[in-house]
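**Student:** Structure below; questions to follow.
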Amino acid sequence: MLDLDVRCRVGAFALDAAFTAGGGVTALFGRSGAGKTTILNVIAGLARPESGRITVGGRTLYDSAASIDLPAHARRVGYVFQEGRLLPHLTVHHNLNYGRLFADGRRRLVDFEQALELLGIGHLLQRRPGALSGGEKQRVAIGRALLANPEVLLLDEPLASLDAPRKAEILYYVERLRDEVRIPIVYVSHSLDEVVRLADEVVLMSDGRVLGMGPVREMMSSVELRPYLGRHEGGAVIEARVAGQDLESGLARLEFNGGSLEIPDVEALPGERVRVRVRARDVSIAISRPAGLSIRNVLAGTVVALGDEDGPSLDVSLDLQGTALLARITRKSALELGLRPGLPVFALIKSISIDRRSVGYA
């Protein structure tokens, strides 16, 4: 468990933040300048707080009251930057071994062969960084950080400089990391697709402060998060099980508490659990079950609340037998349908509105 409560000033920027992160991925999410990277630097010992306390697994890294401030090399923190920062004159093999120079004598988090298999980099050992793709460089950087035997892993927008195919490549390996290496992973991103796919917990930041935190499923439908998502990105997260794959149509059937979904491009086997982001703008509402539609997903639910935002549209919170969903419709439609809390309705979701970027392993 990582426990952070610090205050820090960098120039005119003031950070006053507190949160905890357990095993799995905790995403720091917010606009540029929110203080996300500053927090990573404070944890790693690259920036010094003015006051507060940082502990990992009960071991104190920083405590202003007790005058404890461990140097960066003694903190057992793995840090992966946006650009990887590999040593250009060394092969991949030697870059990875460089990480092992900082490991202590404790039981290893992963050994060398495990790191190669986990990240799929065994075939790259004799190459130098200049001969690697962006995605390969980041995988090697993650491997080097793991081989330093860290107690917490920091990932600072590791996909920011990559194109779409390389991002998809790295996401797969970070998912494996999340599921197989049970240490706190603090992941900085301003991409909601990445956060929804990878994170167990979300810490929402703005202007150096924590505005809210909680499980990704709850935070996606939280009031605090909506102003930071933009009108086109807000929605809900549904955790489901792959019930079947129709190879002929290319559609997967997902089952969850509240119904089932048919969506394309799900790279998961029957029985595996996935997480699906459904944008509010892609959800329509009917007050009776429609017929003769091309829309394949028609889900029974109940209106929980109507948003009070200004403008011609509003968000309608729905309950699908215990699963939360958000629909964005025009205010005029809500009035004509007579929507009110407690009213039974049907949520309509087009299958093609959910692409592979919105689906990840739960």
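The values are calculated or read from the model by the stated rules, or taken from the named source; none is laboratory data. This structure is a prediction, so every number in the text was calculated from the model and none was measured. No Cβ is skipped: glycine too gets one built from the backbone with ideal geometry, and neighbour counts run over all protein chains shown.
**Student:** Is there a residue being buried (at least 17 other Cβ atoms within 10 Å of the Cβ), out of contact with any Pro (no Cβ under 6 Å at 6 or more places or on another chain), modelled with pLDDT of 85 or more and closer than 25 Å to His190 by Cα anywhere in the stretch 241-263? Don't jump to the end; show me each part of the working.
**Tutor:** Within the stretch 241-263, the first condition is being buried (at least 17 other Cβ atoms within 10 Å of the Cβ), and the residues that meet it are 242, 251-254, 256, 258-259, 261-263.
With out of contact with any Pro (no Cβ under 6 Å at 6 or more places or on another chain) added as a condition, the list becomes 252-254, 256, 258-259, 261-263.
Then drop every residue that is not modelled with pLDDT of 85 or more, which leaves 252-254, 256, 258-259, 261-263.
Narrowing further to those that are closer than 25 Å to His190 by Cα: none.
No: the stretch 241-263 contains no residue that is buried (at least 17 other Cβ atoms within 10 Å of the Cβ), out of contact with any Pro (no Cβ under 6 Å at 6 or more places or on another chain), modelled with pLDDT of 85 or more and closer than 25 Å to His190 by Cα.
**Student:** Give Arg273, Arg281, Arg277 a once-over and let me know the one that is within 30 Å of Glu175 (Cα to Cα), surrounded by 13 or more Cβ atoms within 10 Å (Cβ to Cβ) and touching a His at 6+ places or on another chain (Cβ under 9 Å).
**Tutor:** Working: Arg273 fails: touching a His at 6+ places or on another chain (Cβ under 9 Å); Arg277 fails: touching a His at 6+ places or on another chain (Cβ under 9 Å).
Sole residue among the options that is within 30 Å of Glu175 (Cα to Cα), surrounded by 13 or more Cβ atoms within 10 Å (Cβ to Cβ) and touching a His at 6+ places or on another chain (Cβ under 9 Å): Arg281.
**Student:** Also, quick follow-up: Within the group Arg108, Arg48, Arg53, which residue is in the same structural domain as Asn149 (by TED's automatic domain parsing), over 20 Å from the mean Cα position of the chain (by Cα), modelled with pLDDT under 95 and surrounded by 14 or more Cβ atoms within 10 Å (Cβ to Cβ)? Quick ask: steps written out before the conclusion?
**Tutor:** Values: Arg48 fails: surrounded by 14 or more Cβ atoms within 10 Å (Cβ to Cβ); Arg53 fails: modelled with pLDDT under 95.
So the residue among Arg108, Arg48, Arg53 that is in the same structural domain as Asn149 (by TED's automatic domain parsing), over 20 Å from the mean Cα position of the chain (by Cα), modelled with pLDDT under 95 and surrounded by 14 or more Cβ atoms within 10 Å (Cβ to Cβ) is Arg108.
**Student:** Considering each residue of the stretch 146-169, count those that are part of a helix (DSSP H, G or I), surrounded by fewer than 23 Cβ atoms within 10 Å (Cβ to Cβ) and touching a helix residue (DSSP H, G or I) at 6+ places or on another chain (Cβ under 7 Å), and give that number. Full working, then the answer.
**Tutor:** Let us first name the residues in the stretch 146-169 that are part of a helix (DSSP H, G or I), namely 146-147, 164-169.
Next, from what is left, pick out any that are surrounded by fewer than 23 Cβ atoms within 10 Å (Cβ to Cβ): 164-169.
Right, trim to touching a helix residue (DSSP H, G or I) at 6+ places or on another chain (Cβ under 7 Å) and you get 166, 169.
The total comes to 2.
**Student:** Would you mind telling me which numbered condition in (1) on the phi < 0 side of the Ramachandran plot; (2) touching a residue at least 24 places away in the same chain (Cβ under 8 Å); (3) surrounded by 14 or more Cβ atoms within 10 Å (Cβ to Cβ) Pro290 fails?
**Tutor:** Here Pro290 meets the rest and fails (3).
**Student:** I need a count of the residues in the stretch 173-183 that are within 21 Å of Leu132 (Cα to Cα) and at pLDDT below 85.
**Tutor:** Total meeting the criteria: 0.
**Student:** Only residues that are outside any strand (DSSP E or B) and of a type in the set (Asp, Glu): list them for the stretch 178-203, please. Working first, answer last.
**Tutor:** The first filter runs over the stretch 178-203 and keeps only residues outside any strand (DSSP E or B), leaving 178-183, 190-200.
Residues satisfying the conditions are Asp179, Glu180, Asp193, Glu194, Asp200.
**Student:** Let me ask you something else. Take the stretch 56-88 and flag every residue that is under 17 Å from Leu153 (Cα atoms), of a type in the set (S, T, N, Q) and surrounded by 15 or more Cβ atoms within 10 Å (Cβ to Cβ).
**Tutor:** Gln82
**Student:** Further question: Among the residues of the stretch 324-345, how many are more than 20 Å from the chain's Cα centre (by Cα), surrounded by 17 or more Cβ atoms within 10 Å (Cβ to Cβ) and in a strand (DSSP E or B)? Write out each step before concluding.
**Tutor:** As a first pass, look at the stretch 324-345 and keep what is more than 20 Å from the chain's Cα centre (by Cα): 327-345.
From the residues that got through so far, the ones that are surrounded by 17 or more Cβ atoms within 10 Å (Cβ to Cβ) too are 327-329, 334, 339, 345.
Narrowing the set further to residues that are in a strand (DSSP E or B) leaves 327-329, 345.
Counting residues in the stretch 324-345 that are more than 20 Å from the chain's Cα centre (by Cα), surrounded by 17 or more Cβ atoms within 10 Å (Cβ to Cβ) and in a strand (DSSP E or B) gives 4.
**Student:** Can you name every residue in the stretch 1-13 that is modelled with pLDDT under 95 and not aromatic (Phe, Trp, Tyr)? Break it down into steps so the answer makes sense when it comes.
**Tutor:** So the first thing to find is which residues in the stretch 1-13 are modelled with pLDDT under 95, and the list is 1, 8-13.
Across the stretch 1-13, the qualifying residues are Met1, Cys8, Arg9, Val10, Gly11, Ala12.
**Student:** Now for a separate question. When you look at Leu4, is it closer than 28 Å to Arg217 by Cα and in a helix (DSSP H, G or I), yes or no?
**Tutor:** On the way: closer than 28 Å to Arg217 by Cα: yes; in a helix (DSSP H, G or I): no.
No: the conditions fail for Leu4.
**Student:** Quick check on Val25: is it part of a strand (DSSP E or B), over 12 Å from Ser206 (Cα atoms) and in contact with an Asp or Glu (Cβ under 6 Å, 6 or more places away or on another chain)?
**Tutor:** Numbers: part of a strand (DSSP E or B): yes; over 12 Å from Ser206 (Cα atoms): yes; in contact with an Asp or Glu (Cβ under 6 Å, 6 or more places away or on another chain): yes.
The answer is yes for Val25.
**Student:** Sort out which residues of the stretch 170-191 are within 12 Å of the chain's Cα centre (by Cα), more than 16 Å from Val274 (Cα to Cα) and surrounded by fewer than 21 Cβ atoms within 10 Å (Cβ to Cβ), and write them in order of number.
**Tutor:** Initially, the stretch 170-191 is screened for residues within 12 Å of the chain's Cα centre (by Cα), giving 171, 174-175, 178, 185-191.
Filter once more, so that each one left must be more than 16 Å from Val274 (Cα to Cα): 185-191.
Correct list: His190, Ser191.
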